[in-house]
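Student: Here you go, one structure.
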Amino acid sequence: MRTITRFDQLREARKALSGPVGLVPTMGSLHEGHLSLVRTARRECSGLIVSIFVNPAQFGPSEDLSQYPRDLLKDQSLLAREGVEILWTPTREQMYPPGFQTWVEVREISRPLEGRWRPGHFQGVATVVAKLLNAVQPDKVYFGEKDRQQAMVIRRMAEDLNYAVEIVTCPILRDWDGLALSSRNAYLDAEERKAATVLNRALSKAAQAFDKGEREASTLRRILIETIHSEPLARVEYVSCAHPETLGELEGEVNGQALLSMAVRVGKTRLIDNRIFG
Ligand code: AMP
(Lines give C-alpha, C1' and ligand atoms only; values in the text may rest on other atoms or scores of the structure.)
Protein backbone atom coordinates (compact mmCIF):
# COMPACT_ATOMS: atom_id res chain seq x y z
CA MET A 1 0.00 0.00 0.00
CA ARG A 2 1.29 3.44 -0.95
CA THR A 3 0.49 6.45 1.22
CA ILE A 4 0.16 9.60 -0.86
CA THR A 5 -0.42 13.17 0.27
CA ARG A 6 -0.16 15.25 -2.91
CA PHE A 7 -2.82 15.65 -5.62
CA ASP A 8 -0.34 15.23 -8.49
CA GLN A 9 1.03 11.98 -7.02
CA LEU A 10 -2.51 10.73 -6.49
CA ARG A 11 -3.43 11.36 -10.12
CA GLU A 12 -0.32 9.52 -11.32
CA ALA A 13 -0.94 6.54 -9.03
CA ARG A 14 -4.61 6.45 -10.06
CA LYS A 15 -3.60 6.09 -13.73
CA ALA A 16 -1.65 2.95 -12.89
CA LEU A 17 -4.77 1.21 -11.49
CA SER A 18 -6.78 -0.89 -13.92
CA GLY A 19 -10.32 -2.24 -13.84
CA PRO A 20 -13.04 -0.80 -11.63
CA VAL A 21 -11.56 1.58 -9.05
CA GLY A 22 -13.27 2.13 -5.70
CA LEU A 23 -12.93 5.05 -3.30
CA VAL A 24 -13.76 4.92 0.41
CA PRO A 25 -13.68 8.45 1.89
CA THR A 26 -13.08 8.60 5.66
CA MET A 27 -11.87 10.89 8.42
CA GLY A 28 -9.61 8.16 9.81
CA SER A 29 -9.45 6.73 13.31
CA LEU A 30 -10.74 3.65 11.60
CA HIS A 31 -13.00 1.03 13.17
CA GLU A 32 -14.82 -2.07 11.93
CA GLY A 33 -17.58 0.13 10.44
CA HIS A 34 -15.08 1.78 8.11
CA LEU A 35 -13.47 -1.58 7.42
CA SER A 36 -16.82 -3.06 6.39
CA LEU A 37 -16.95 -0.41 3.61
CA VAL A 38 -13.35 -1.21 2.67
CA ARG A 39 -14.12 -4.95 2.51
CA THR A 40 -17.19 -4.43 0.34
CA ALA A 41 -15.15 -2.19 -1.96
CA ARG A 42 -12.31 -4.74 -2.03
CA ARG A 43 -14.72 -7.42 -3.25
CA GLU A 44 -16.17 -5.19 -5.96
CA CYS A 45 -13.14 -3.30 -7.29
CA SER A 46 -9.75 -4.23 -8.62
CA GLY A 47 -8.17 -0.96 -7.49
CA LEU A 48 -8.95 0.45 -4.08
CA ILE A 49 -8.21 3.93 -2.75
CA VAL A 50 -9.07 4.99 0.81
CA SER A 51 -8.84 8.66 1.75
CA ILE A 52 -8.30 9.98 5.24
CA PHE A 53 -8.97 13.67 5.70
CA VAL A 54 -10.40 15.34 8.78
CA ASN A 55 -12.25 17.97 6.79
CA PRO A 56 -12.30 21.28 8.70
CA ALA A 57 -15.04 22.61 6.40
CA GLN A 58 -17.63 20.20 7.80
CA PHE A 59 -17.04 21.11 11.46
CA GLY A 60 -18.86 24.07 13.02
CA PRO A 61 -16.88 26.62 15.07
CA SER A 62 -17.95 25.05 18.38
CA GLU A 63 -17.49 21.43 17.23
CA ASP A 64 -14.76 18.91 17.93
CA LEU A 65 -12.30 19.48 15.02
CA SER A 66 -9.24 19.91 17.23
CA GLN A 67 -10.07 16.91 19.48
CA TYR A 68 -11.19 14.61 16.64
CA PRO A 69 -9.29 11.31 17.16
CA ARG A 70 -6.37 10.74 14.80
CA ASP A 71 -4.15 7.65 14.55
CA LEU A 72 -2.52 7.43 11.14
CA LEU A 73 -0.05 4.65 11.97
CA LYS A 74 -2.79 2.34 13.19
CA ASP A 75 -5.02 3.26 10.22
CA GLN A 76 -2.17 2.48 7.82
CA SER A 77 -1.61 -0.97 9.26
CA LEU A 78 -5.36 -1.76 9.25
CA LEU A 79 -5.71 -0.70 5.61
CA ALA A 80 -2.56 -2.51 4.47
CA ARG A 81 -4.04 -5.71 5.91
CA GLU A 82 -7.21 -5.19 3.83
CA GLY A 83 -5.15 -5.07 0.64
CA VAL A 84 -5.80 -1.40 -0.14
CA GLU A 85 -3.61 -0.13 -3.01
CA ILE A 86 -3.52 3.57 -2.15
CA LEU A 87 -4.06 5.49 1.05
CA TRP A 88 -4.56 9.15 0.23
CA THR A 89 -4.04 11.58 3.11
CA PRO A 90 -4.25 15.07 1.62
CA THR A 91 -3.12 17.93 3.82
CA ARG A 92 -5.39 20.80 4.77
CA GLU A 93 -3.21 23.13 2.66
CA GLN A 94 -3.66 20.87 -0.37
CA MET A 95 -7.42 20.76 0.00
CA TYR A 96 -8.00 24.40 0.90
CA PRO A 97 -5.07 26.45 -0.38
CA PRO A 98 -4.99 30.20 0.25
CA GLY A 99 -7.62 31.92 -1.88
CA PHE A 100 -9.97 28.92 -1.92
CA GLN A 101 -13.54 30.14 -2.48
CA THR A 102 -15.59 27.53 -4.37
CA TRP A 103 -18.26 25.63 -2.46
CA VAL A 104 -20.79 22.97 -3.41
CA GLU A 105 -24.24 23.50 -1.92
CA VAL A 106 -26.88 20.78 -2.21
CA ARG A 107 -30.00 22.61 -1.13
CA GLU A 108 -33.25 20.96 0.05
CA ILE A 109 -31.93 17.60 1.17
CA SER A 110 -29.20 19.30 3.26
CA ARG A 111 -31.62 21.44 5.26
CA PRO A 112 -33.46 19.16 7.75
CA LEU A 113 -32.06 16.85 10.45
CA GLU A 114 -28.26 17.15 10.64
CA GLY A 115 -28.34 20.22 8.41
CA ARG A 116 -30.56 22.09 10.84
CA TRP A 117 -28.30 21.33 13.79
CA ARG A 118 -25.00 21.65 11.99
CA PRO A 119 -25.29 24.68 9.67
CA GLY A 120 -22.74 24.51 6.87
CA HIS A 121 -21.92 20.87 7.60
CA PHE A 122 -23.21 19.43 4.33
CA GLN A 123 -21.67 22.23 2.28
CA GLY A 124 -18.33 21.15 3.74
CA VAL A 125 -19.10 17.48 3.05
CA ALA A 126 -20.32 18.03 -0.51
CA THR A 127 -17.34 20.23 -1.36
CA VAL A 128 -14.74 17.83 -0.06
CA VAL A 129 -16.39 14.79 -1.64
CA ALA A 130 -16.60 16.65 -4.97
CA LYS A 131 -12.86 17.30 -4.73
CA LEU A 132 -12.12 13.68 -3.80
CA LEU A 133 -14.23 12.40 -6.70
CA ASN A 134 -12.64 14.84 -9.17
CA ALA A 135 -9.15 13.76 -8.17
CA VAL A 136 -9.72 10.00 -7.96
CA GLN A 137 -12.36 9.57 -10.71
CA PRO A 138 -13.50 6.30 -9.11
CA ASP A 139 -16.00 3.93 -10.70
CA LYS A 140 -17.59 3.35 -7.29
CA VAL A 141 -17.61 5.31 -4.05
CA TYR A 142 -18.67 3.83 -0.71
CA PHE A 143 -20.64 5.43 2.14
CA GLY A 144 -22.18 4.08 5.34
CA GLU A 145 -25.87 4.23 6.21
CA LYS A 146 -24.74 5.43 9.64
CA ASP A 147 -24.64 8.87 7.95
CA ARG A 148 -27.69 8.28 5.80
CA GLN A 149 -28.42 11.93 5.07
CA GLN A 150 -24.79 12.42 4.00
CA ALA A 151 -25.10 9.58 1.48
CA MET A 152 -28.33 11.14 0.19
CA VAL A 153 -26.68 14.55 -0.20
CA ILE A 154 -23.81 12.99 -2.15
CA ARG A 155 -26.22 10.99 -4.32
CA ARG A 156 -28.08 14.20 -5.18
CA MET A 157 -24.84 16.05 -5.90
CA ALA A 158 -23.54 13.25 -8.12
CA GLU A 159 -26.79 13.26 -10.07
CA ASP A 160 -26.98 17.05 -10.37
CA LEU A 161 -23.33 17.49 -11.37
CA ASN A 162 -23.24 14.44 -13.69
CA TYR A 163 -20.61 12.45 -11.85
CA ALA A 164 -20.16 9.10 -13.61
CA VAL A 165 -19.75 7.25 -10.33
CA GLU A 166 -21.82 4.54 -8.71
CA ILE A 167 -22.65 5.36 -5.11
CA VAL A 168 -22.77 2.31 -2.88
CA THR A 169 -24.22 2.48 0.63
CA CYS A 170 -23.36 -0.11 3.27
CA PRO A 171 -25.32 -1.10 6.40
CA ILE A 172 -24.53 0.26 9.88
CA LEU A 173 -22.06 -1.86 11.79
CA ARG A 174 -22.85 -2.07 15.50
CA ASP A 175 -20.98 -3.13 18.61
CA TRP A 176 -22.16 -6.25 20.49
CA ASP A 177 -24.63 -4.16 22.53
CA GLY A 178 -26.13 -2.35 19.56
CA LEU A 179 -24.16 0.91 19.72
CA ALA A 180 -23.38 2.04 16.17
CA LEU A 181 -19.59 2.09 15.72
CA SER A 182 -18.23 5.62 15.45
CA SER A 183 -14.85 7.29 15.82
CA ARG A 184 -16.54 9.59 18.35
CA ASN A 185 -17.32 6.63 20.66
CA ALA A 186 -13.68 7.04 21.76
CA TYR A 187 -14.77 10.19 23.66
CA LEU A 188 -17.11 8.19 25.94
CA ASP A 189 -16.04 7.16 29.45
CA ALA A 190 -17.22 3.79 30.80
CA GLU A 191 -20.48 5.11 32.20
CA GLU A 192 -21.29 7.12 29.07
CA ARG A 193 -20.43 4.15 26.88
CA LYS A 194 -23.15 2.13 28.67
CA ALA A 195 -25.61 5.02 28.40
CA ALA A 196 -24.89 5.39 24.67
CA THR A 197 -26.74 2.15 23.93
CA VAL A 198 -29.91 4.20 24.48
CA LEU A 199 -29.93 5.33 20.84
CA ASN A 200 -30.28 1.82 19.49
CA ARG A 201 -32.60 0.86 22.36
CA ALA A 202 -34.90 3.73 21.39
CA LEU A 203 -34.93 2.62 17.75
CA SER A 204 -35.63 -0.97 18.82
CA LYS A 205 -38.51 0.11 21.05
CA ALA A 206 -40.06 2.09 18.21
CA ALA A 207 -39.50 -0.91 15.90
CA GLN A 208 -41.34 -3.18 18.34
CA ALA A 209 -44.28 -0.77 18.40
CA PHE A 210 -44.18 -0.51 14.60
CA ASP A 211 -44.18 -4.31 14.29
CA LYS A 212 -47.25 -4.42 16.54
CA GLY A 213 -49.02 -2.04 14.15
CA GLU A 214 -48.23 1.42 15.53
CA ARG A 215 -48.14 3.80 12.54
CA GLU A 216 -48.69 7.24 14.08
CA ALA A 217 -45.56 9.29 13.31
CA SER A 218 -45.90 11.42 16.45
CA THR A 219 -46.20 8.29 18.62
CA LEU A 220 -43.05 6.80 17.06
CA ARG A 221 -41.20 10.07 17.74
CA ARG A 222 -42.56 10.08 21.32
CA ILE A 223 -41.25 6.55 21.92
CA LEU A 224 -37.78 7.69 20.81
CA ILE A 225 -37.87 10.76 23.08
CA GLU A 226 -39.20 8.89 26.12
CA THR A 227 -36.65 6.11 25.81
CA ILE A 228 -33.79 8.59 25.50
CA HIS A 229 -35.11 10.61 28.47
CA SER A 230 -35.07 7.43 30.57
CA GLU A 231 -31.26 7.57 30.37
CA PRO A 232 -29.98 10.30 32.74
CA LEU A 233 -26.69 10.87 30.86
CA ALA A 234 -28.41 11.33 27.50
CA ARG A 235 -29.94 14.51 26.07
CA VAL A 236 -32.01 14.62 22.87
CA GLU A 237 -30.89 17.05 20.19
CA TYR A 238 -33.52 15.92 17.71
CA VAL A 239 -35.61 12.89 16.90
CA SER A 240 -37.27 12.46 13.55
CA CYS A 241 -39.76 10.26 11.76
CA ALA A 242 -39.33 11.38 8.18
CA HIS A 243 -40.01 10.44 4.59
CA PRO A 244 -36.99 8.34 3.58
CA GLU A 245 -36.50 10.20 0.29
CA THR A 246 -37.45 13.83 0.98
CA LEU A 247 -36.51 13.76 4.68
CA GLY A 248 -39.64 15.82 5.39
CA GLU A 249 -41.20 15.07 8.80
CA LEU A 250 -44.18 12.72 8.52
CA GLU A 251 -47.46 13.71 10.14
CA GLY A 252 -50.34 11.33 10.84
CA GLU A 253 -50.13 7.69 9.78
CA VAL A 254 -46.96 6.30 8.22
CA ASN A 255 -47.89 4.45 5.09
CA GLY A 256 -44.94 2.83 3.40
CA GLN A 257 -41.49 3.50 4.74
CA ALA A 258 -40.25 5.93 7.36
CA LEU A 259 -36.75 6.95 8.38
CA LEU A 260 -36.40 7.21 12.14
CA SER A 261 -33.28 9.11 13.15
CA MET A 262 -31.84 11.09 16.00
CA ALA A 263 -28.91 13.02 17.39
CA VAL A 264 -28.28 12.59 21.10
CA ARG A 265 -25.68 14.07 23.44
CA VAL A 266 -24.22 11.56 25.86
CA GLY A 267 -22.20 13.74 28.18
CA LYS A 268 -20.44 16.06 25.75
CA THR A 269 -20.37 13.54 22.91
CA ARG A 270 -22.80 13.93 20.04
CA LEU A 271 -24.00 10.60 18.62
CA ILE A 272 -26.35 9.85 15.72
CA ASP A 273 -28.28 6.76 14.67
CA ASN A 274 -31.08 5.82 12.30
CA ARG A 275 -33.17 2.95 11.01
CA ILE A 276 -35.59 2.49 8.11
CA PHE A 277 -39.03 1.24 9.15
CA GLY A 278 -41.37 -0.66 6.88
P1 AMP B 1 -16.21 9.04 8.95
O2 AMP B 1 -14.78 8.65 9.09
O3 AMP B 1 -16.95 9.12 10.25
O4 AMP B 1 -16.39 10.26 8.08
O5 AMP B 1 -16.91 7.86 8.17
C6 AMP B 1 -16.45 7.44 6.91
C7 AMP B 1 -17.48 6.54 6.29
O8 AMP B 1 -17.67 5.40 7.12
C9 AMP B 1 -18.87 7.21 6.15
O10 AMP B 1 -19.43 6.86 4.90
C11 AMP B 1 -19.62 6.63 7.30
O12 AMP B 1 -21.02 6.59 7.07
C13 AMP B 1 -19.05 5.23 7.38
N14 AMP B 1 -19.29 4.67 8.70
C15 AMP B 1 -18.96 5.22 9.90
N16 AMP B 1 -19.39 4.44 10.92
C17 AMP B 1 -20.00 3.37 10.35
C18 AMP B 1 -20.66 2.22 10.88
N19 AMP B 1 -20.79 2.00 12.18
N20 AMP B 1 -21.18 1.33 10.00
C21 AMP B 1 -21.07 1.54 8.66
N22 AMP B 1 -20.46 2.61 8.10
C23 AMP B 1 -19.93 3.52 8.94
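Student: Name every residue in the stretch 37-84 that is over 13 Å from VAL24 (Cα atoms), among the small types (Gly, Ala, Ser) and surrounded by 14 or more Cβ atoms within 10 Å (Cβ to Cβ), in order of residue number.
Tutor: Correct list: ALA57 only.
Student: Hey, among the residues in the stretch 215-245 that are touching a residue at least 40 places away in the same chain (Cβ under 8 Å) and open to solvent by less than 20 Å² (accessible area, probe 1.4 Å), which one's farthest from SER110 (Cα to Cα)?
Tutor: Looking at the filtered set, the residue picked out is LEU220.
Student: Do we find a residue being without any contact (Cβ under 8 Å) to a residue 24 or more places away in the chain and either open to solvent by less than 10 Å² (accessible area, probe 1.4 Å) or out of contact with any strand residue (DSSP E or B) (no Cβ under 8 Å at 6 or more places or on another chain) (or both) anywhere in the stretch 119-130?
Tutor: Here is the first cut: in the stretch 119-130, the ones without any contact (Cβ under 8 Å) to a residue 24 or more places away in the chain are none.
No.
Student: Could you identify the single residue in LEU113, LEU87 that is under 19 Å from ILE52 (Cβ atoms), of a type in the set (A, V, I, L, M) and either open to solvent by less than 70 Å² (accessible area, probe 1.4 Å) or within 16 Å of the chain's Cα centre (by Cα) (or both)?
Tutor: Numbers: LEU113 fails: under 19 Å from ILE52 (Cβ atoms).
Matching residue, one of LEU113, LEU87: LEU87.
Student: Further question on the same structure: Out of curiosity, is GLY28 within 30 Å of TRP117 (Cβ to Cβ), within 16 Å of the ligand (Cβ to nearest atom), touching an Asp or Glu at 6+ places or on another chain (Cβ under 6 Å) and part of a loop (DSSP other than H, G, I, E, B)?
Tutor: yes
Student: Of the residues in the stretch 25-35, how many are farther than 19 Å from THR3 by Cα and either open to solvent by less than 20 Å² (accessible area, probe 1.4 Å) or in contact with a Pro (Cβ under 8 Å, 6 or more places away or on another chain) (or both)?
Tutor: 1
Student: Could you tell me whether any residue of the stretch 14-21 is under 23 Å from ALA126 (Cβ atoms) and either open to solvent by less than 40 Å² (accessible area, probe 1.4 Å) or within 16 Å of the ligand (Cβ to nearest atom) (or both)?
Tutor: Residues of the stretch 14-21 under 23 Å from ALA126 (Cβ atoms): 14, 21.
Narrowing the set further to residues that are either open to solvent by less than 40 Å² (accessible area, probe 1.4 Å) or within 16 Å of the ligand (Cβ to nearest atom) (or both) leaves 21.
There is at least one residue in the stretch 14-21 that is under 23 Å from ALA126 (Cβ atoms) and either open to solvent by less than 40 Å² (accessible area, probe 1.4 Å) or within 16 Å of the ligand (Cβ to nearest atom) (or both).
Student: Before we move on, is LEU179 within 14 Å of the ligand (Cβ to nearest atom) and open to solvent by less than 20 Å² (accessible area, probe 1.4 Å)?
Tutor: Values: within 14 Å of the ligand (Cβ to nearest atom): yes; open to solvent by less than 20 Å² (accessible area, probe 1.4 Å): yes.
Criteria met by LEU179.
Student: Moving to a separate point now. For the stretch 190-272, which fully contained helices (runs of 4 or more DSSP H) count at least 1 residues that are of a type in the set (Ser, Thr, Tyr)? Walk me through it before giving the result.
Tutor: On the way: elements: 190-195, 198-211, 217-229.
Hits in the stretch 190-272: 198-211, 217-229.
Student: Determine, yes or no, whether GLU105 is assigned to a helix (DSSP H, G or I), charged (D, E, K, R) and away from the ligand (no atom under 11 Å from the Cβ).
Tutor: Values: assigned to a helix (DSSP H, G or I): no; charged (D, E, K, R): yes; away from the ligand (no atom under 11 Å from the Cβ): yes.
Here the answer is no, as GLU105 does not meet what is asked.
Student: I need every pair where a residue in the stretch 198-214 that is touching a residue at least 60 places away in the same chain (Cβ under 8 Å) has its Cβ under 7 Å from the Cβ of a residue that is surrounded by fewer than 17 Cβ atoms within 10 Å (Cβ to Cβ), sequence separation at least 6 or different chains.
Tutor: ASN200/ARG174; ASN200/GLY178
Student: Is there any pair with a first residue in the stretch 246-259 that is on the phi > 0 side of the Ramachandran plot and open to solvent by 30 Å² or more (accessible area, probe 1.4 Å) and a second that is assigned to a loop (DSSP other than H, G, I, E, B) and among the small types (Gly, Ala, Ser) whose Cβ atoms are under 7 Å apart and which are 6 or more apart or on different chains, and what are they?
Tutor: As it stands, the answer is GLY256/GLY278, since those pairs meet every condition given.
Student: So which residues in the stretch 147-164 are crowded, with 16+ Cβ neighbours inside 10 Å and among the aliphatic types (A, V, I, L, M)?
Tutor: ALA151, MET152, VAL153, ILE154, MET157, ALA158
The values are calculated or read from the model by the stated rules, or taken from the named source; none is laboratory data. Quick caveat, the model's predicted, so the values are computed rather than measured. Counting neighbours? That spans all protein chains shown, and the Cβs are built from the backbone with ideal geometry, glycine included. Please note that ligands, DNA and RNA were not included when accessible areas were found on the heavy atoms of the full protein model with its side chains. Shrake-Rupley method; radii C 1.70, N 1.55, O 1.52, S 1.80 Å.
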